[in-house]
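Bear in mind that the values in this text are calculations on the coordinates, not laboratory data. Computed from a predicted structure; not experimentally measured. Every residue, glycine among them, receives a Cβ derived from its backbone with ideal geometry; neighbour counts consider all protein chains shown.
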Amino acid sequence: MRIGIDDTDSPAGMCTTYIGAVLVRRLEQAGIRVVEARLVRLNPNVIHKTRGNAAVCIEAEGDGETAFALACACVEELAEFDAAGTNPGVVVAGVRPPPDFYHAALRDFCNVSEAIDLLESVGARYRGYKNRRGLIGATAAVASDFPDRTYELLAYRKRENWSTPRQVDRGSLFCAEEMTSPHTWDTVDRENDVVVCVPHTPDPVLFGIRGESPAWVREARSYVRSEEPACEQVYTTNQGTDAHLLPGKVGALREGRSYLVRGTVVGSPATGPGGHVSFILGDEGVEVRCMAYEPTKGFRDVARALVTGDAVAVAGSYKGESLNLEKLGACRLADAVRVRPPICPICEKRMTSAGTGKGYKCRVCGGRSREPEVEVLERRIQPGWYEVPPTARRHLSRPLVRGVPAWEQAFCG
């Protein structure tokens with residue numbers, strides 16, 4: 001069976017993965033064998049999400065009625081019911097529903113009635129609380145299918161420490177990254193000298209280590225020095241896989257979806273208020289604005305280095321008529337040129353414009369020239385892929401240390 005839980009946290013506290021970790025232990029105590037625990041990230045653009053839009057799925061073997069009772073008891077004991085936007089859902093399915101619903105919740109939008117219709121069709125047990133919106137994520141979790149998967153080890157705090165500052169040795173996290181990269185990622189951000197894996201939100205998570213296998217995340221964890229955790233759980237996840245991206249086309253993008261799009265840079269990038277960088281991407285006469293926001297730090301320099309005519313592939317979420325960038329592939333770079341009045345061959349002084357369409361004139365000797373001086377500049381970027389730093393990376397975004405999937409490479413063919 002698969003047990004799905006979603007929408008139990010709030011901006012003020014709790015974490016659905018913590019409830020999942022507690023439930024794993026209670027299931028095992030009840031004699032139910034846990035096969036796998038999954039952390040299932042869904043559409044990051046959903047406005048109703050509390051934080052990272054994560055649901056949990058636990059695959060187990062045993063009595064379904066007992067598992068359902070234990071799951072509901074965990075949620076009723078631990079979920080943030082007092083928060084207006086918290087609407088938990090619990091599902092126990094004896095068979096996995098078709099993965100189409102998971103894909104829709106990952107890349108598009110679903111509603112509660114669609115989730116219930118699917119649950120009824122497969123004879124699943126379910127319970128929704130308050131407005132029951134959590135049934136969407138819980139249903140998507142039990143329907144999830146991971147053709148590509150990564151892992152995260154999550155350590156949780158003892159309850160008496162929840163309201164106190166986290167005690168995690170900073171140096172040990174940088175050591176863990178150094179000793180296990182590229183098999184783990186996003187523990188720290190070396191370029192910006194920032195710890196990434198320790199949250200600042202008021203929830204039970206102490207830290208999380210992401211990587212390619214359970215062995216690698218445990219290896220990285222072995223270097224971490226911290227306060228004693230209450231428990232730890234390794235989750236199989238769809239994080240770091242780009243599973244949220246759809247192949248898209250400029251002019252055919254829909255609000256709240258995430259895309260990989262190809263086009264040609266039109267005009268010069270601009271830096272606006274707050275340090276945000278924007279440029280226009282065109283394709284077959286249609287254009288879209290691309291944004292590299294201030295939190296993406298050095299990635300903005302890649303955007304600034306683009307010039308008219310560059311062929312690029314960009315990935316990100318389409319919101320407010322802008323594509324908010326997560327990564328960029330420089331496919332083919334145009335020549336960057338600087339056009340200036342020529343040097344007078346007689347006086348060796350730079351000429352000035354003689355007027356529109358009249359070429360150039362030397363102010364000293366009166367010499368004339370029709371052709372400007374064209375200088376080809378060295379480009380500050382090279383063909384290849386560029387990504388936002390770990391501090392700005394979305395959970396689902398695939399880090400470049402994992403390589404670029406063939407279908408994304410094809411956009412830069």
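Taking 4.7 Å between beta carbons as the limit, the unpaired Cys residues of the chain are Cys15, Cys57, Cys72, Cys74, Cys110, Cys175, Cys197, Cys231, Cys290, Cys365.
For segment 336-377, the share of DSSP beta bridges that are antiparallel, to the nearest 5, is 100%.
Residue-normalised convex hull volume from the C-alpha trace of the chain: 171 Å³ per residue.
Using the rule -39500 (n - 2.57) for each DSSP H run of four or more residues, divided by the residues of the chain, the 222 nm mean residue ellipticity is -6000 deg cm²/dmol. Fewest-first ordering of Trp162, Trp216, Trp185 by other beta carbons within 10 Å of each residue's beta carbon gives Trp162, Trp216, Trp185. In percent, rounded to a whole number, the relative contact order of segment 2-142 is 35, using alpha-carbon pairs under 8 Å and six or more apart. Mean separation of Cα pairs under 8 Å and 6+ residues apart, divided by the residue count of the chain: what relative contact order is that in percent? Value for the chain: 14 percent.
Straight-line cross-link partners of Lys319 among the lysines, defined as a Cα under 22 Å from its Cα and at least 8 positions apart when in the same chain: Lys49, Lys249, Lys297, Lys327.
Relative to the current alpha-carbon distance between Lys358 and His200, full extension at 0.36 nm per residue lengthens the span by 50.6 nm. Dipole magnitude for the chain: computed about the Cα centre from +1 point charges on Lys and Arg Cβ and -1 point charges on Asp and Glu Cβ, it is near 1720 debye. Shape descriptor for segment 336-377: Rg over Rh equals 0.99 (Cα atoms; Rh from the Kirkwood inverse mean 1/r).
Counting only aspartates and glutamates at least 8 places from Lys358 when in the same chain, those with an alpha carbon closer than 13 Å to its own are Glu371. Ranking Tyr126, Val196, Thr164 by how far each Cα lies toward the positive end of the dipole of segment 86-204 (charges on Cβ) leaves Tyr126 at the top. In sequence order, segment 65-72 has phi-based couplings of 5, 5, 4, 5, 5, 5, 5, 5 Hz under the Karplus curve 6.51 cos²θ - 1.76 cosθ + 1.60, θ = phi - 60°, and Gly or Pro positions carry x.
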